[in-house]
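Working notes, beginning with the structure itself.
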Amino acid sequence: MNGNLKLAVQSKGRLTEKSLELLKHCGLDIEDYSERLFIPARNFPLDILFLRDDDIPEYVQDGVADVGIVGENIFLEKQSETKILEKLGFGRCSLLIAHPENKQLKDIKDIEGKTIATSYPVILNEFLKKNKIKAKVIELSGSVEIAPSLGVADLICDIVSSGNTLMMNKLKKSFKVFDSQAVLISSEKNSLPKEKNKILEDLLRRIRSVLIARNSKYLMMNVPKSSLDKIVKIIPSLKSPTVLPLADENLLAVHAVIPSDKFWTIVEDLKSAGASGILLLPIENMIK
Ligand code: ATP
Ligand code: MG
């Protein structure tokens, strides 16, 4: 056993590529994924273990892996002794209750007495309890969406991102049970040796900086000197904007880091305040 931090990643599935991409953005030099169970990073004391996502919480709980990346849905469902260190912003999907197209389900109370097929009995039962609804939950390990047409269940509760599978099976969304995304988990009792903890802290710092950078953009524009105050008020800056002189004395260049999703809501205001040559650039990394 080496002293490397062991990170469990889904071996072949929806989270594999994005998990590896995140690690690469953190500056880790990782071989391309190639059906192997285990890959060390070349320039960082980290080994990646590839496992089925369902098994990751238990392996992290038992210390086979020190940390893991899984969907929050799996994290909650497995009820292992693990905790979330960071939400990772990818692998977004929702756990929904759906009903056959030709039936109606208007009020949440209409679920009462129905039979629901799901792979997430723990999360679903919790939801039913919270809403004071009694229903029969049938656990299926896969292909939940065909349960109503087989007559096995009235409703289903399953993970959906685009809704295509529902449509193909003549099902309609009704109620949202919970929104999920990929999360980084560690064992609840955090008993890592000092050296490994240091590696984990370094990794977390890198991950957090990549996540902030992903949600931020670098905004650049030219503004008339006279409207600088107005422009600065419009910019939802993460820190105060940089103002630079230009060859044309009536103009200034203004640079600022802004939350990505804010750009389209402010661009018209910037233009009417006299901004020109507006550029929006991606940021690769950002250290807070
Ligand atoms: P494994 O073979 O590792 O058990 P799996 O088939 O159980 O894989 P995937 O379908 O690859 O799992 O999904 C992995 C995770 O990706 C899910 O647990 C969920 O968090 C997330 N996810 C994102 N979008 C979707 C989607 N449309 N359907 C299912 N899961 C999704
Ligand atoms: Mg699975």
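One line per residue, one yes/no per condition, for (1) over 23 Å from the mean Cα position of the chain (by Cα); (2) modelled with pLDDT of 95 or more:
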position: LYS130; (1), (2): yes, yes
position: LYS134; (1), (2): yes, yes
position: VAL137; (1), (2): yes, yes
position: ASP154; (1), (2): yes, yes
position: CYS157; (1), (2): no, yes
position: SER161; (1), (2): no, no
position: THR165; (1), (2): no, no
position: LYS173; (1), (2): no, no
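Check the stretch 35-45 and report whether any residue there is open to solvent by less than 70 Å² (accessible area, probe 1.4 Å), away from ligand 2 (no atom under 16 Å from the Cβ) and in contact with a helix residue (DSSP H, G or I) (Cβ under 6 Å, 6 or more places away or on another chain).
Yes, that holds for at least one residue.
What strands (runs of 3 or more DSSP E), lying completely within the stretch 42-114, carry at least 1 residues that are more than 25 Å from ASN131 (Cβ to Cβ) and either assigned by TED's automatic domain parsing to the domain that holds ARG208 or more than 19 Å from the chain's Cα centre (by Cα) (or both)? Talk me through it step by step, then tell me what you get.
Working: elements: 46-51, 67-71, 82-87, 93-100.
Of the strands (runs of 3 or more DSSP E) lying wholly inside the stretch 42-114, those with at least 1 residues that are more than 25 Å from ASN131 (Cβ to Cβ) and either assigned by TED's automatic domain parsing to the domain that holds ARG208 or more than 19 Å from the chain's Cα centre (by Cα) (or both) span 46-51, 67-71, 82-87.
Just a yes or no: is a residue in the stretch 24-32 open to solvent by less than 50 Å² (accessible area, probe 1.4 Å), within 16 Å of ligand 2 (Cβ to nearest atom), in a loop (DSSP other than H, G, I, E, B) and modelled with pLDDT of 95 or more?
Quick first cut of the stretch 24-32, residues open to solvent by less than 50 Å² (accessible area, probe 1.4 Å) only: 26-28, 30.
Retained after the next criterion (residues that are within 16 Å of ligand 2 (Cβ to nearest atom)): none.
Looking through the stretch 24-32, none of the residues is open to solvent by less than 50 Å² (accessible area, probe 1.4 Å), within 16 Å of ligand 2 (Cβ to nearest atom), in a loop (DSSP other than H, G, I, E, B) and modelled with pLDDT of 95 or more.
Can you tell me which of (1) within 16 Å of ligand 2 (Cβ to nearest atom); (2) under 23 Å from ASN190 (Cβ atoms); (3) not aromatic (Phe, Trp, Tyr); (4) not in a helix (DSSP H, G or I) is the one LYS12 doesn't meet?
(2)
Mind listing whichever residues of the stretch 1-26 are of a type in the set (Ser, Thr, Tyr) and more than 8 Å from ligand 1 (Cβ to nearest atom)?
Let us first name the residues in the stretch 1-26 that are of a type in the set (Ser, Thr, Tyr), namely 11, 16, 19.
SER19, the sole residue that qualifies.
Would you pick out the residues in the stretch 51-83 that are open to solvent by 10 Å² or more (accessible area, probe 1.4 Å) and closer than 20 Å to LYS196 by Cβ?
Selection gives LEU51, GLU58, TYR59, GLN61, ASP62, GLY63, VAL64, ASP66, SER80, GLU81, LYS83.
The values are calculated or read from the model by the stated rules, or taken from the named source; none is laboratory data. Remember, it's a predicted structure, so these values are computed and weren't measured experimentally. Positions of Cβ are generated from backbone atoms using ideal geometry, with glycine treated the same way; all protein chains shown enter the neighbour counts. These accessible areas exclude ligands, DNA and RNA; they are computed on the full protein's heavy atoms, side chains included. Shrake-Rupley method; radii C 1.70, N 1.55, O 1.52, S 1.80 Å.
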